[in-house]
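The values are calculated or read from the model by the stated rules, or taken from the named source; none is laboratory data. Just so it is clear, the model here is predicted, and its values are computed rather than measured. Virtual Cβ from ideal backbone geometry, glycine too; neighbours counted across all protein chains shown.
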Amino acid sequence: MELQGRVAAVTGAASGIGRELAVLLAKKGADLAISDVDEVGLAETVDLAKKAGGATTITSQRLDVADRDAVHAWADQVVADHGTVNLVVNNAGVALGATVDGMSYEDFDWLMGINFDGVVSGTKAFLPHLKTAGEGHVVNISSVFGLMGIPSQSAYNAAKFAVRGFTEALRVELDIEDCGVSATTVHPGGIKTSIAKNARMDDSISDIGQDSTKAIAEFEKLFITSPKRAAKAIVRAVEKDKRRLLIGPDAWAFSLISKLPPGMYQGIIARGAARGR
């Protein structure tokens, strides 16, 4: 896809990958429709995108992607404001640390509502508009945790595995329809964003040798790729119509390890966790 003169919609654009995507897409000459629950951060992203130049029109909307009706209303508003839409990036996400046994249904529903239901709603809300445009692309953000199960991350794993399966099925359907719309599943490794700081951490993770007071700092040590580099990789994937994108050397390592027999890779993870107890 040529991004110059196209219209791109990005969720979770107040910070991190979403913000860097907005700025980069503006530099590429794409008009922007961005959203987030963080209105202050969203306004800062708008200013940065304007300074980047290239975009003719930039609109923003406070949006909770867990609210299905609001997502559909935003998609319609984007087309009303911009005349069309060609790219949607379902990027908004949250994190949760909890064991399966200790996790509350409230926390599980909160995470799934944003990380999976938000992706489904964003895809379904924009897909008819992309098809009408005759040229479009859906980018759904999964994770390396959509490749392999990790202790304390069952809810996050569930959502990101679901995003992967959902988007890969969508890509095949779009191939069959030959409608001019495509889709990419993105598996970032550790990206230097605020997702860990904003995560919910349940005390139950102490049952598997993790310290809830130190877990966030430990996770952040694994963040090795900048949001800017991630954004560049995603834009290249759209331009080259990639089906799957791994971001960061850790993502490639996860991909390789996930191909081992389950008993082998799960044993490696369990032994590593045991050493940390």
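Details
- Test for THR45: is it in a helix (DSSP H, G or I), touching a Gly at 6+ places or on another chain (Cβ under 9 Å) and free of Cβ contacts under 8 Å to residues at least 60 places away in the same chain: yes
- Some residue of region 51-70 being touching a helix residue (DSSP H, G or I) at 6+ places or on another chain (Cβ under 6 Å) and in a helix (DSSP H, G or I): yes
- Test result for SER121, surrounded by 21 or more Cβ atoms within 10 Å (Cβ to Cβ) and out of contact with any Leu (no Cβ under 8 Å at 6 or more places or on another chain): yes
- Looking across region 104-149, the residues that are among the charged types (D, E, K, R) and part of a helix (DSSP H, G or I) come down to GLU106, ASP107, ASP109, ASP117, LYS124, LYS131.
- From the list ALA237, ALA251, ALA273, the one residue that fits, being touching a residue at least 12 places away in the same chain (Cβ under 8 Å), buried (at least 18 other Cβ atoms within 10 Å of the Cβ), touching a Gly at 6+ places or on another chain (Cβ under 9 Å) and assigned to a helix (DSSP H, G or I), is ALA251.
- Meets criteria (of a type in the set (S, T, N, Q) and surrounded by fewer than 18 Cβ atoms within 10 Å (Cβ to Cβ)) for SER258: yes
- Within region 188-206, one or more residues are without any contact (Cβ under 8 Å) to a residue 24 or more places away in the chain, farther than 22 Å from ALA9 by Cα and part of a helix (DSSP H, G or I).
- Taking each residue of region 61-74 that is farther than 18 Å from VAL85 by Cβ and looking for partners that are modelled with pLDDT of 95 or more and surrounded by fewer than 16 Cβ atoms within 10 Å (Cβ to Cβ) with beta-carbon atoms closer than 6 Å, six or more apart or interchain, yields ARG62/GLU39.
- Tally, over region 195-225, of residues that are at pLDDT 80 or above, surrounded by fewer than 16 Cβ atoms within 10 Å (Cβ to Cβ) and either closer than 30 Å to LEU24 by Cα or in contact with a Cys (Cβ under 6 Å, 6 or more places away or on another chain) (or both): 2
- Only a single item in (1) assigned to a helix (DSSP H, G or I); (2) within 18 Å of the chain's Cα centre (by Cα) is not met by VAL89, and it is number (1).
- Those residues of region 1-24 which are assigned to a loop (DSSP other than H, G, I, E, B) and more than 14 Å from the chain's Cα centre (by Cα), in sequence order: MET1, GLU2, LEU3, GLN4, GLY5, ARG6
- Scanning region 143-167 for residues that are within 24 Å of GLY180 (Cβ to Cβ) and either of a type outside the set (A, V, I, L, M, F, W, C) or crowded, with 19+ Cβ neighbours inside 10 Å (or both) gives VAL163, ARG164, GLY165, THR167.
- Checking THR184 against (1) among the β-branched types (Val, Ile, Thr); (2) part of a helix (DSSP H, G or I); (3) over 26 Å from ASP101 (Cα atoms); (4) in contact (Cβ under 8 Å) with a residue 60 or more places away in the chain, the condition it does not meet: (2)
- Region 1-46, residues that are surrounded by 23 or more Cβ atoms within 10 Å (Cβ to Cβ) and polar (S, T, N, Q): THR11, SER35, THR45
Each row is one residue, and each column tells you yes or no for (1) closer than 25 Å to GLY134 by Cα; (2) crowded, with 19+ Cβ neighbours inside 10 Å.
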residue	(1), (2)
LEU48	no, no
THR59	yes, no
ALA70	yes, no
ASP76	yes, no
ASP81	yes, no
VAL89	yes, yes
ALA98	no, yes
